[in-house]
Amino acid sequence: MSQPPAPLPALPAAQPSAQPGVQPVVNWTLQVVRDGQQIDSFDGTTALGQARTERHHKVVTHKVGCKDQAAGSIDLQRTITVSPLRASPSESVLAIDAQDTVESNTARQSPSGCKLPPQPSQVHANHPGLIVPAGQWVDWQIVNEDPSLLYRVRASVATPPVQP
């Protein structure tokens, strides 16, 4: 009697785990860089085939009008979803979905010359499979100018805990 064929792994390129049935876990960091300056950072530990979503808020108020008074608060939200697709000791492949509210760098004025708040806009970016070599930073340019927005990503397979 012949033996049944071995089951196929869920994701063929996945790194086999030391413990049967346990998916590799990826440690990742995503830095948000605006005009060359880091303005936000996300960190997570996510199992292969799972997704992790994080949202950060930053409420800003601008001085507007001819009297330069504070007014017009806006909640600049940033939501990042990271899903490890493949992982090995040498690299990880991450699907990343990002929604970002950013303000223009361009100063605006009313017809009479009074200050207006910067114009916010929604940016939605999706990367279906960013390849991240272990221990190295990979840049993903989201917006080229006004403002420049770049995501810098690092990832590595988490070391499994030692079993007693």
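The values are calculated or read from the model by the stated rules, or taken from the named source; none is laboratory data. Source: prediction; values computed, not measured. Cβ: placed from backbone, ideal geometry, glycine included. Neighbour counts: every protein chain shown.
A few notes on this one:
- Lone unmet requirement of (1) assigned to a loop (DSSP other than H, G, I, E, B); (2) crowded, with 16+ Cβ neighbours inside 10 Å for residue 50: (2)
- Looking across region 67-80, the residues that are in a strand (DSSP E or B) and of a type in the set (D, E, K, R) come down to 75, 78.
- One residue from 106, 159, 101 being of a type in the set (Val, Ile, Thr) and in a strand (DSSP E or B): 101
- Residue selected from region 124-164 under the condition at negative phi and among the acidic types (Asp, Glu), by the criterion modelled with the highest pLDDT: 139
- Top-ranked residue of region 19-57 - restricted to ones that are under 16 Å from the mean Cα position of the chain (by Cα) and among the charged types (D, E, K, R), ranked as nearest to residue 128 (Cα to Cα): 52
- Residues considered: 77, 37. Of these, the only one that is exposed (fewer than 12 other Cβ atoms within 10 Å of the Cβ) and either of a type in the set (Asp, Glu) or at pLDDT 90 or above (or both) is 37.
- Of all residues in region 115-127, those satisfying the criterion of being part of a strand (DSSP E or B) and free of Cβ contacts under 8 Å to residues at least 40 places away in the same chain are 121, 122, 123, 124, 125, 126, 127.
- Matching residues, region 131-151, being farther than 18 Å from residue 89 by Cβ and within 13 Å of the chain's Cα centre (by Cα): 139, 140, 141, 142, 149, 150, 151
- Exactly one residue out of 83, 92, 112 is among the small types (Gly, Ala, Ser) and either in a loop (DSSP other than H, G, I, E, B) or exposed (fewer than 11 other Cβ atoms within 10 Å of the Cβ) (or both), and it is 112.
- Residue match in region 97-107 (condition: without any contact (Cβ under 8 Å) to a residue 60 or more places away in the chain, surrounded by 15 or more Cβ atoms within 10 Å (Cβ to Cβ) and over 16 Å from the mean Cα position of the chain (by Cα)): yes
- Counting the residues of region 35-87 that are of a type in the set (Asp, Glu) and more than 26 Å from residue 122 (Cβ to Cβ) gives 1.
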